[in-house]
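J.: Mind looking over this structure? Questions follow.
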Amino acid sequence: MIKYIIRRILESIPTVIGVTIISFVLIHIVPGNPVRIMLGNHYTPLRAAELTKTLGLNKPVWEQYFIWLGNLLQGNFGFSYTYEKPVASLMLQALPHTIIIVVVAVLLAHVFAVFLGSVQAYFENSKFDQIATVINYFFYSMPSFWLAVLLVIFFSIDLPWLPSGGIVNTQLSNPGFGDWAKHLILPIATLFLVSVAGWARYMRSSMREALLQDYVRTARMKGSREFRVIFIHALRNSILPLITLFGLSLPALLSGALFVEEVFNYPGMGLLYWDAVNARDYPIIMGVTVFVGLVTVIGNLIADILYGLVDPRIQY
Amino acid sequence: MIQESLPLEASLVETIKDERPKFIHRFWKSGMTKLGVFLLLFLVLFSYVGPLIYRHSAINSHLLATDASPSAQFPLGTDSVGHNVLAQLMVGGQSSLEVGFAAAIVAMIFGTLYGMISGMAGGWVDTVMMRFVDILLSIPSIFILLFLNAVFQPNIFLMIFVLASTAWLGVSRLVRAEALTIKNQLYVEAAHAIGTRTLRIMVRYLFPNIIGTVLVASTFQVADAILYMAGLSFLGLGLPPPTPNWGGMLSDGMNYMFQNSWWLIYPPGLCILIAQVSINLIGDGLRNAIETRER
């Protein structure tokens, strides 16, 4: 097992290096002088000379890459001239905001999808199953940004219950935890609704297959109660593919978060990236690209290892 | 040698041909698939025949009737600069469908070639080629697409290639996986044994067997491309004006949502949704029809 984990970690190192190369290359396909581009409106000859030296731009390209990589490894993601701040500190500021909405939405979506998919599979082709399938299809095909806008219209404008964006009500003198939580509801709800549909569809077919297996029949024959048969015997096995699915859906989740953050003006990584793209703030663009790539690789790694841990049938 | 192999090859091709009518029948018998086809047909008619019947410019501004609610003159109202929303939806549909299908076709061709070569080559060539796909797949497409659009400010042709630049990845992975299994089938080994060249094996044996997978994957890519294009426009980095796009219309409408301008928000979103639902339904129908064949 340990051997397998180490092998998987070693295998993902080339991918991580590849991600850094892609991010590096992306910036270098931009036409024009990189120093002028990075400095943008903050261009002064002095700053240009300084930046040329830090980035080693007078050196060959491959050496520039290693200088940049060396800086990354030390946690130095470069300096943003639009914010006049190091990129790393900007990312650290934005990261917790994104983590909270993504993690809460994913957890809720998983629990709900497992439940809904199981019930649908158990009552296959019933009225409930059919209606749920149609609703799933609807949300599965729904663009996250339109759903976000609709939720704002329904719950912030028509029914003025929830704030339409941001993370804090600036009109309150002492905004507390409750105010903050209120600002999280709609972003989380959007991510939840767009993720749950796909996972429930998957869970339904996985559970349907599990219910046809011999061990389910055996469990019934030995007199286990139906609840136990479904939620202990069948569920434990049908839930496994969802672990892999989670790893695979990470890029989609991060994309979804970008749209959601833009609509709700929510200061996470997605909004940081979108603002950076609009301002052509290349150090942030590079930093966030490397970061999301890293998250995806690590997410898949964890999903793979987890799958091996929970499924004793996997041999190494 | 090759001459002798022809009867055997011919019989294999016959079997594949025989499947076709049954395949279409299976595809068409599902009610959901029919719904998908009708919805897509509706979108095509709406976007291409619509402007022939409803002859109003999508680009002209009616400066005396800005932000007008739906009326006899403007069935879906006008936006903040007086564009006719209905006319814009129709023209926006044209670019969405064209870019969506074109990007999926480009991705399909490139992804299939890439996957076939990788799978057939095997060994370290395969490892390197697939590792490259893994790396590109690790960065969520929207991050790459946003960046490319910001840097290159694409026209419609560049947009097709930008969208295809990430869409081919999934296709190539699926094709490669299929190529790996088919490569070890007896009939491919037999073909090798009688001296058939690799290129011929790829065209005559591999391709007919993966065409189903490719078709299903590419169908979903059409939906993805339309969604990404709308998403990019929504984020303000789509096709440059005056070309209207559903995503861009929606983001304009968002600025006026506090004024209850529902006609700026529901119609474009609904169009994107119909495009997604119809193509996903067709993709599911194709997949079911193909999976039954394999059973």
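Since every read-out is calculated from the coordinates, none of them should be taken as a lab result. A quick note: this is a predicted structure, and the numbers were derived from the prediction, not measured. We place every Cβ from the backbone using ideal geometry, glycine too, and count neighbours over all the protein chains shown.
J.: For chain B, which semi-axes, largest first and in whole Å, follow from the square roots of 5 times the eigenvalues of its Cα gyration tensor?
T.: Square roots of five times the eigenvalues give 44, 22, 14 Å.
J.: Separate question: Using the Cα atoms of segment A:106-155, I'd like the radius of gyration and the largest Cα-Cα distance, Dmax, both in angstrom.
T.: Cα radius of gyration and Dmax of segment A:106-155 are 13.0, 36 Å respectively.
J.: Would you mind ranking B:Ile144, A:Ile188, B:Ile211, B:Ile226 by Cβ crowding within 10 Å, fewest neighbours first?
T.: B:Ile211, B:Ile144, A:Ile188, B:Ile226
J.: Taking only Cα atoms and a 10 Å spring cutoff, compute GNM fluctuations for chain B and point out the largest among B:Trp246, B:Trp262, B:Trp168.
T.: B:Trp262
J.: Sticking with this structure for a sec: Could you state the number of Å between the C-alpha centres of segment A:1-17 and segment B:230-295?
T.: Using only Cα atoms, the two centres lie 39 Å from each other.
J.: Tabulate in residue order the Karplus-calculated ³J(HN,Hα) for segment A:246-253, using 6.51 cos²θ - 1.76 cosθ + 1.60 with θ = phi - 60°, rounded to whole Hz; enter x for Gly and Pro.
T.: 4, x, 6, 8, 4, x, 5, 4
J.: Counting only residues 5 or more places away or on other chains, whose amide H sits under 5 Å from the amide H of A:Phe79 once H atoms are built in the peptide plane?
T.: A:Val87
J.: Semi-axes, largest first, in whole Å: what does sqrt of 5 times each Cα gyration tensor eigenvalue give for chain A?
T.: On the way: eigenvalues 372, 152, 43 Å².
Here the semi-axes work out to 43, 28, 15 Å.
J.: Calculated from DSSP H runs of 4 or more alone, at -39500 (n - 2.57) each and per residue, what is the 222 nm mean residue ellipticity of chain B, nearest 500? Walk me through the intermediate numbers first.
T.: Working: 12 runs with 217 residues, N = 295.
Mean residue ellipticity at 222 nm (helix-derived): -25000 deg cm²/dmol.
J.: While we're here: Please give the helix A:61-73 orientation as an angle from the longest Cα principal axis of chain A, in degrees from 0 to 90, rounded to the nearest 10.
T.: With both axes taken from Cα atoms, the answer is about 60 degrees.
J.: Rounded to the nearest whole Å³, what is the per residue volume of the convex hull around the Cα atoms of segment A:93-272?
T.: Convex hull volume per residue, Cα atoms: 131 Å³.
J.: Now for a different question. For segment A:196-316, divide the Cα radius of gyration by the Kirkwood radius and give the resulting Rg/Rh value with two decimals.
T.: Rg/Rh: 1.17.
J.: Which semi-axes, in whole Å and largest first, does the equivalent ellipsoid of the protein assembly as shown have when worked out from the alpha carbon gyration tensor as the square roots of 5 times its eigenvalues? It would help to have the intermediate numbers written out before the result.
T.: Working: eigenvalues 302, 213, 172 Å².
Equivalent-ellipsoid dimensions as semi-axes: 39, 33, 29 Å.
J.: Still on this structure, please answer the following. Plugging the Kirkwood radius over Cα pairs into Stokes-Einstein for segment B:163-275, at a temperature of 10 °C and a viscosity of 1.306 mPa s, what D comes out in µm²/s? Walk me through the numbers before you get to the answer.
T.: On the way: Rh = 17.2 Å.
Rounded, D is 92 µm²/s.
J.: Given only helices, namely DSSP H runs of n ≥ 4 each adding -39500 (n - 2.57), what is the per-residue ellipticity at 222 nm of chain A, to the nearest 500 deg cm²/dmol?
T.: -24500 deg cm²/dmol
J.: By per-residue mean of other Cβ atoms within 10 Å, what is the highest-first order of A:42-51, B:264-273, B:282-291? Walk me through the numbers on the way to the answer.
T.: Details: A:42-51: 12.7, B:264-273: 22.7, B:282-291: 19.7.
Put in order of decreasing packing, that is B:264-273, B:282-291, A:42-51.
J.: A follow-up question, please. Take the alpha carbon atoms of segment B:219-259, find their radius of gyration, then divide it by 2.2 N^0.38 Å using N residues; give the quotient.
T.: Taking the Cα Rg and dividing by 2.2 N^0.38 Å, one obtains 1.24.
J.: List the trypsin sites (Lys or Arg not before Pro) within segment A:209-291 that fall in a DSSP loop (any state other than H, G, I, E or B) and whose Cβ has at most 15 other Cβ atoms within 10 Å. Kindly include the intermediate steps, with their values, before the conclusion.
T.: On the way: sites: A:Arg217, A:Arg220, A:Lys222, A:Arg225, A:Arg228, A:Arg236, A:Arg280; in loops: A:Lys222, A:Arg225, A:Arg280.
The qualifying sites are A:Lys222, A:Arg225.
J.: Follow-up. Restrict the search to segment B:137-226; then list the trypsin sites (Lys or Arg not before Pro) that DSSP places in a loop and that have at most 14 other Cβ atoms within 10 Å of their Cβ.
T.: Within segment B:137-226, the qualifying trypsin sites (Lys or Arg not before Pro) (loop, at most 14 other Cβ atoms within 10 Å) are B:Arg197.
J.: For each pair in A:Lys3/B:Lys183; A:Lys127/A:Lys182; A:Lys127/B:Lys29, compute the distance between the two Cα atoms and list the pairs where it is over 27 Å.
T.: A:Lys3/B:Lys183; A:Lys127/A:Lys182
J.: Just checking the output field for A:11-18: average partner chain Cβ neighbours within 10 Å of each residue's Cβ?
T.: Partner Cβ neighbours, averaged per residue: 3.
J.: What list of ³J(HN,Hα) couplings, whole Hz, do you get for segment A:220-233 from phi and the Karplus terms 6.51, -1.76, 1.60, once you set θ to phi - 60° and write x for glycine and proline?
T.: Using θ = phi - 60°, the values come out as 5, 5, 7, x, 5, 5, 3, 4, 5, 4, 6, 7, 9, 6 Hz.
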